[in-house]
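The values are calculated or read from the model by the stated rules, or taken from the named source; none is laboratory data. Values in this document were obtained by computation on a predicted structure and should not be read as measured data. Because the Cβ atoms are built from the backbone with ideal geometry, glycine has one as well, and the counts that use them run over all protein chains shown. Remember, those area values only see protein heavy atoms, side chains included, never the ligands or the DNA or RNA. Shrake-Rupley method; radii C 1.70, N 1.55, O 1.52, S 1.80 Å.
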Amino acid sequence: MYVWAGAPATAAIYVVVTNLGSAGMGAISSVYSQIFLPKIYASKGEFTLKYIRNALILSLIVGIGAIVTGKYLLMFLTKNDYVEYAHAIGFGVLVEAGNLVIGAATVYLMLNNAAKATIFCNVMAAIGSMAGGYLMMHYFPENAFAIGVPIALSQIFIGLFLISYIVRLQRIKNKEMK
């Protein structure tokens with residue numbers, strides 16, 4: 001949207017800086033999920049909330065590391081022009097962390113024949129993200145941080161919705177077992 005609206009520099013800044021966070025978190029997420037995602041399948045979903053908790057802790061550590069080292073990484077890997085936007089690296093970390101959580105939640109829901117719940121929250125998050133993107137572009141066209149806000153909020157919305165849905169399904173399951 002930003003490119004079409006005549007703000008390609010804003011979009012470029014966002015992409016360059018957040019890709020650093022996405023790449024780092026993506027690499028760590030890939031290793032984490034390869035090691036621990038099979039435990040969700042093996043436990044028929046019982047390991048899901050532990051997986052998500054540990055994924056969030058891991059994401060927090062990566063996010064803190066990105067904030068601490070972001071300026072130096074940007075100076076080393078890109079042009080110095082991007083250093084003032086170093087905190088936008090967190091958006092890349094947040095989006096990849098969201099993908100890690102959403103992936104685990106989706107596996108749980110598939111294992112429990114409840115995957116239809118993902119349709120609602122994904123559609124709502126997409127609509128909200130597009131509307132938020134339009135508003136940010138309209139009111140803050142030169143602010144690279146504004147691009148990440150609706151994207152991050154949509155990931156948070158999906159993650160929280162799916163986690164709460166899993167907790168509710170597990171409570172129902174536990175009551176039925178008693």
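Some observations on this one:
- Qualifying position, being surrounded by 15 or more Cβ atoms within 10 Å (Cβ to Cβ), in contact (Cβ under 8 Å) with a residue 60 or more places away in the chain and over 17 Å from residue 108 (Cβ atoms), among 10, 48: 10
- Whichever residue in the range 166-178 is part of a helix (DSSP H, G or I) and open to solvent by 50 Å² or more (accessible area, probe 1.4 Å) and, among such residues, is modelled with the lowest pLDDT: 177
- Counting only residues that are in contact with an Asp or Glu (Cβ under 6 Å, 6 or more places away or on another chain) and of a type outside the set (A, V, I, L, M), the range 11-53 holds 3 of them.
- For the range 84-94, taking the residues that are hydrophobic (A, V, I, L, M, F, W, C) and under 19 Å from residue 9 (Cβ atoms), the one that is most open to solvent (accessible area, probe 1.4 Å) is identified as 91.
- Under the condition of being charged (D, E, K, R) and not in a helix (DSSP H, G or I), the residues counted in the range 111-159 number 1.
- Residue in the range 66-83 that is surrounded by fewer than 20 Cβ atoms within 10 Å (Cβ to Cβ), basic (Lys, Arg) and not in a helix (DSSP H, G or I) present: yes
- From 147, 119, residue being of a type outside the set (Lys, Arg) and either under 25 Å from residue 2 (Cα atoms) or open to solvent by less than 40 Å² (accessible area, probe 1.4 Å) (or both): 147
- Test: residue in the range 134-142 that is free of Cβ contacts under 8 Å to residues at least 40 places away in the same chain, under 24 Å from residue 33 (Cα atoms) and open to solvent by 60 Å² or more (accessible area, probe 1.4 Å): no
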